[in-house]
Amino acid sequence: MNVIEVRDLSRRFGTFVAVDRVSFDVREGEIFGYLGANGAGKSTTIRMMCGLLSPSSGTARVAGIDVGRDPERVKRVIGYMSQKFSLYPDLQVLENLEFFAGMYGLGGRRFDRRADDLLALMSLSSVRRARTSDLPGGYRQRLALACSILHEPRILFLDEPTAGVDPSARRDFWRLVRSLAAQGTTVLVTTHYMDEAEYCDRVGLMVDGKLAALDTPAGLKEHFIKDAMLEVHTVDDKLRSSIGQMPGVRSVEPFGSAWHVRVRHDRSVDQIVDAIVALGVSRVDVESVSPTLEDVFLEVVGGAR
């Protein structure tokens, strides 16, 4: 069953089109990733679906509610965590929970039980009386997540929730998100971290306000990356240009401290490896690898533009 239905949704700011006729559905219990570079239109789309921004045209229905006609009703049935830290730094952890509980009409013993459960789930019980400003970034993100799900919403919107958080804290955060989805919560999350998109059931790729691709992570890789892929590690920066000029090499893209080399099917991987070794560099490591969503994203962005 679809709990989010978006049809030709657009948002214009003067002559600038931030979101351009976007359409997609999100199923109940799904983790739906909305992937794109900064400025691609991800946050604008999610703000419209949360009732925080009126669409210029098109429709979006969240939990059966038309967000354009009844945005206040939408806000009551969803959880929302913005990309900017929105809690009160001078309040204690428990006091922040109490504040947001008051907004949702949650009090008394029901709040006490819910707060205890969430603090345990988020591994925050030991810091319940700590000042929020004194918490590490990962702890603050977990607290923000706890505040957004206090009222047990069916649908949770996370807008770049791990921006600026270290890799370990990001893994912990995603463990919590996947736990919520396993319990039936529908999650729509925007991110520009390619590795995070691998956790999603399906991924939509936004490019310049348009939804350029939509599929499972595996489906996107299969559809867009049909070439063999090599990962090349070397200390010789000049090698990239030489590899890019080899017959059969489609592209050479930076990938961390290495390069991903795409090899067309009319050339064997062994031929390319032999050609790289023949260049006579002092040290080079070459291995066959599977494509990543970063490779997909570069291909989709290049094709869309």
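In the stretch 270-305, which residues are aromatic (Phe, Trp, Tyr) and part of a loop (DSSP other than H, G, I, E, B)?
Correct list: empty.
Which residue is nearest to LEU35 (Cα to Cα), if the candidates are limited to the stretch 238-263 and must be loosely packed, with under 14 Cβ neighbours inside 10 Å and at pLDDT below 85?
GLY256
Do the conditions hold for VAL281, that is, is it among the aliphatic types (A, V, I, L, M), in contact with a Ser or Thr (Cβ under 7 Å, 6 or more places away or on another chain), more than 30 Å from GLU30 (Cα to Cα) and surrounded by fewer than 16 Cβ atoms within 10 Å (Cβ to Cβ)?
When the stated conditions are applied, VAL281 passes them.
What are the residues in the stretch 208-223 that are within 15 Å of ASP295 (Cβ to Cβ) and either part of a loop (DSSP other than H, G, I, E, B) or without any contact (Cβ under 8 Å) to a residue 60 or more places away in the chain (or both), if any?
Scanning the stretch 208-223 gives ASP215, ALA218, GLY219, GLU222, HIS223.
Only residues that are loosely packed, with under 15 Cβ neighbours inside 10 Å and either outside any helix (DSSP H, G or I) or touching a residue at least 60 places away in the same chain (Cβ under 8 Å) (or both): list them for the stretch 83-102, please.
Passing the criteria: LYS84, SER86, TYR88, PRO89, ASP90.
So, in the stretch 142-177, how many residues would count as being touching a helix residue (DSSP H, G or I) at 6+ places or on another chain (Cβ under 6 Å) and either outside the structural domain of ILE78 (by TED's automatic domain parsing) or under 20 Å from GLU198 (Cα atoms) (or both)?
6
Under the condition of being among the β-branched types (Val, Ile, Thr) and part of a strand (DSSP E or B), which residue from the stretch 252-269 is nearest to ALA228 (Cα to Cα)?
It comes out as VAL263.
Kindly indicate whether TYR80 is closer than 30 Å to ASP134 by Cβ, part of a loop (DSSP other than H, G, I, E, B) and in the same structural domain as ARG142 (by TED's automatic domain parsing).
no
Just to be sure before I move on: is VAL261 under 33 Å from the mean Cα position of the chain (by Cα) and within 26 Å of ALA213 (Cβ to Cβ) in the structure I sent?
yes
The values are calculated or read from the model by the stated rules, or taken from the named source; none is laboratory data. Just so you know, these numbers come straight off a predicted model, no measurement behind them. Please note: Cβ atoms are built from the backbone with ideal geometry, for glycine as well, and neighbour counts cover all protein chains shown.
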